[in-house]
Amino acid sequence: GGELRTWAGELNPVQSPVFMKTPRGPEPKVIGATPLLTSRESLEALHAAVKAYDHGRGVWPTMRVAERIEHVERFLVAMRAQRTAVVNLLMWEIGKTQPDSEKEFDRTIDLIVETIRALKELDRTSSRFVQEQGVMAQIRRAPIGVALCMGPYNYPLNETFSTLFPALLMGNAVVFKPAKFGVLLIRPLLEAFRDCFPPGVINIIYGRGRETVGALMESGLVDIFAFIGTNRGASELKRMHPRPHRLKAVLGLDAKNPAIILEDADLENTVKECITGTLSFNGQRCTALKLLMVHRSIVGPFLERFTAAVERLKPGMPWEPGVALTPLPEPGKAAYLQGLVDDAVAKGARVVNREGGRTNHSFYSPAVVYPVTGEMRLASEEQFGPVIPVMVFDHDEEVIRFVVDSHFGQQLSLFGRDSARIGRFIDAFANQVGRINLNCQCQRGPDTFPFNGRKDSAEGTLSVADALRVFSIRTLVAAKTT
Ligand code: G3H
């Protein structure tokens, strides 16, 4: 908020993953550029946030909740007016299909609206007085300080804003760094940020992680770190903070969500859910199904229907009607995925669908790999792309062992009809993952539900109401009544 700087420094070109059909064939296209901040410049942004927060005495943290909400509502009006621009950039920068890009935009607006609703409720309940054992108390919610918010490239708008807005609404000052890809789409919103918030309350930095975020962490001035991305990135950044015990973190990290398909599963529904579960946005969702574990007795019919459904998915450009599979934004991603497939094939698996695993520039056609076994990289490594490993199992205990031994614990899906058996699985998994999905794919939504995970998959809980709690602390004001 407050000012938009004109950039005279080094620029970082942004290349579209969406290959163009030109007379000479497909070619990548530079679609824009972002500033490359130095560490000194990123620290200036941080110092602006520290000044705006002013140890909790700044204009923003001391503002009445209702007034803060008004600022955010003004931002929402301006944001709605930028829908077309942002949706177009989502398609161009990360290759998300038009319906999914529109959904991401609308869902983000809804998330902010719901967060405002939840804040009103929180404010109402937390201003109540409670009396117990001769003590009268009021529990107040206070902001934490300076928040650093970073989201991933697969939801560059939604997931960044899912931490940014709760942080703001609770009275924190924020520095946020747009995702690695999906950076240009913040541009249409910059004026709205400037016009709707007091100076220094929100600061946006662009550039390479090391120079920018690294410097912020090393300064020790970040009070809360909200990050949705890889475990490696999160640990490296957290380690840089000189006083890690003073840094609060809320993290959404890697996952390897399995679908467990029992022999009495409704195959039609299972295939439908597993298709969207594994391949929506080309499998680039933290909640995607990343391993299908199928009971041996039904693996034949399941694979037949599943591969047929994969073969029906239409590849193309994100804005073309009916397209389900699109180019991948990460340079080198297709080669990485092929490496995973090669490793599995060298150890005895094969690609079982027609056209599976073909690379065409930044496009990689989905590969269904079967049978995957424990020693293959695909059994444990998060592919985050259109490769679908299929494992077989004979006994329930094998599946339970697999889930318990996994480093990850975000979600899983169970497909089957025997409620007693499903109940036993639920009991076994309740302390292993953040969410168990019955006869449906894994997913984060509805966004008002808690979004978390166990083991290496998360730290803290997001969602609408949970995020408000994450970005605040409770202070008790107490007095004796007797
Ligand atoms: O990438 C991780 C997202 O939180 C997944 O959200 O399940 O709504 O696609 P989603």
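With an 8 Å Cα cut-off and a minimum separation of 6 or more residues, compute the relative contact order for the chain in percent. Provide the component values of the computation, followed by the final result.
Working: 1013 pairs, mean separation 92.0, N = 482.
RCO, the chain: 19 percent.
Among residues other than LEU247 whose Cβ falls under 9 Å from its Cβ, what is the net charge (Lys/Arg +1, Asp/Glu -1)? Walk me through the numbers on the way to the answer.
Numbers: positive: LYS238, ARG243, ARG246, LYS248; negative: ASP223.
Net charge around LEU247: +3.
Once you list every other residue whose beta carbon is under 12 Å from the beta carbon of ILE422, what net charge do they have if Lys and Arg are +1 and Asp and Glu are -1? Show your work: numbers first, answer last.
Numbers: positive: ARG417, ARG421, ARG424; negative: ASP264, ASP396, ASP418, ASP427.
Computed value for this residue: -1.
Counting DSSP beta bridges with both partners in the chain, what percentage is antiparallel, nearest 5? Can you show the working numbers first?
Numbers: 31 of 68 bridges.
Counting DSSP beta bridges with both partners in the chain, the antiparallel share is about 45 percent.
To test your reading of the geometry: what angle, between 0 and 90 degrees and rounded to tens, separates the Cα axis of helix 396-405 from the longest principal axis of the chain?
Long axis of 396-405 versus the principal axis of the chain: about 40 degrees.
Tilt of helix 231-240 relative to the longest C-alpha principal axis of the chain, in degrees (0 to 90, nearest 10)?
The two axes meet at around 30 degrees.
Whole-Hz ³J(HN,Hα) for each residue in the range 167-183, computed from phi via Karplus 6.51 cos²θ - 1.76 cosθ + 1.60 with θ = phi - 60°, x for glycine and proline: what do you get?
Result, ordered by residue: 4, 4, 4, 7, x, 7, 9, 10, 10, 10, 10, x, 4, 4, 10, x, 9 Hz.
Given axes a ≥ b ≥ c from the Cα gyration tensor, I'd like to know whether the chain is rounded (a/c under 1.5), prolate (a/b larger than b/c) or oblate. Walk me through the numbers on the way to the answer.
Details: a/c = 2.06, a/b = 1.35, b/c = 1.53.
Oblate shape, in that a/c is at least 1.5 and b/c is the bigger or equal ratio.
With the Cα gyration tensor of the range 173-240 giving a ≥ b ≥ c as the square roots of its eigenvalues, does the rule (a/c under 1.5 for rounded; else a/b larger than b/c for prolate; else oblate) give rounded, prolate or oblate? Numbers along the way, then the final one.
Details: a/c = 2.35, a/b = 1.48, b/c = 1.58.
The shape class here is oblate.
Grab the DSSP H runs of the chain that are 4 residues or longer, score each as -39,500 (n - 2.57), total them, divide by all residues and round the 222 nm result to the nearest 500 deg cm²/dmol. Could the numbers behind the result be given before it?
Working: 16 runs with 183 residues, N = 482.
Result for the chain: -11500 deg cm²/dmol, rounded to the nearest 500.
Would you give the gap between the C-alpha center of the range 195-231 and the C-alpha center of the range 78-102, rounded to a whole Å?
One Cα centre to the other: 24 Å.
What percent does the relative contact order of the range 178-278 come to when contacts are Cα pairs within less than 8 Å and at least six residues apart? Spell out each step's value before the answer.
Details: 60 pairs, mean separation 20.9, N = 101.
Computed value for the range 178-278: 21 percent relative contact order.
Which links in LYS96/LYS238; LYS120/LYS290; LYS256/LYS347; LYS103/LYS314; LYS103/LYS272; LYS29/LYS256 stretch past 27 Å when you go from one Cα to the other? If you can, show how the numbers build up before the last one.
On the way: LYS96/LYS238 30 Å; LYS120/LYS290 38 Å; LYS256/LYS347 20 Å; LYS103/LYS314 19 Å; LYS103/LYS272 20 Å; LYS29/LYS256 33 Å.
Pairs exceeding 27 Å: LYS96/LYS238; LYS120/LYS290; LYS29/LYS256.
Rounded to the nearest 20 debye, what is the charge dipole size of the chain about its Cα centre when +1 sits on each Lys and Arg Cβ and -1 on each Asp and Glu Cβ?
Details: 58 positive and 53 negative charges, 203 e Å.
The dipole magnitude comes to about 980 debye.
Could you tell me which of rounded, prolate or oblate describes the range 281-340, using a ≥ b ≥ c as the square roots of the eigenvalues of the alpha-carbon gyration tensor, with rounded for a/c under 1.5 and, failing that, prolate when a/b is larger than b/c and oblate otherwise?
On the way: a/c = 2.36, a/b = 1.45, b/c = 1.63.
The shape class here is oblate.
State the extension gain, in nm to one decimal, for the chain segment bounded by LYS51 and SER419, taking 0.36 nm per residue of separation less the distance between their alpha-carbons.
Numbers: separation 368, 0.36 × 368 = 132.48 nm, distance 5.71 nm.
Separation in residues times 0.36 nm, less the Cα-Cα distance, equals 126.8 nm.
Express in whole angstrom the spacing between the alpha-carbon centres of the range 409-482 and the range 337-382.
Value for the Cα centre distance between the two parts: 31 Å.
Over the range 146-228, what relative contact order in percent results from Cα pairs under 8 Å that are six or more residues apart?
Averaging sequence separation for qualifying contacts and normalising by length gives 43 percent for the range 146-228.
Just to confirm the number: angle between the C-alpha axis of helix 83-94 and the first principal axis of the chain, 0 to 90 degrees, nearest 10?
50 degrees
Taken together, the values in this text are just the output of simple stated rules run on the coordinates, not laboratory data. Every value quoted in this text rests on a predicted model; they were computed, and no experiment measured them. Cβ sites come from the backbone with ideal geometry, for glycine too, and all protein chains shown count toward neighbours.
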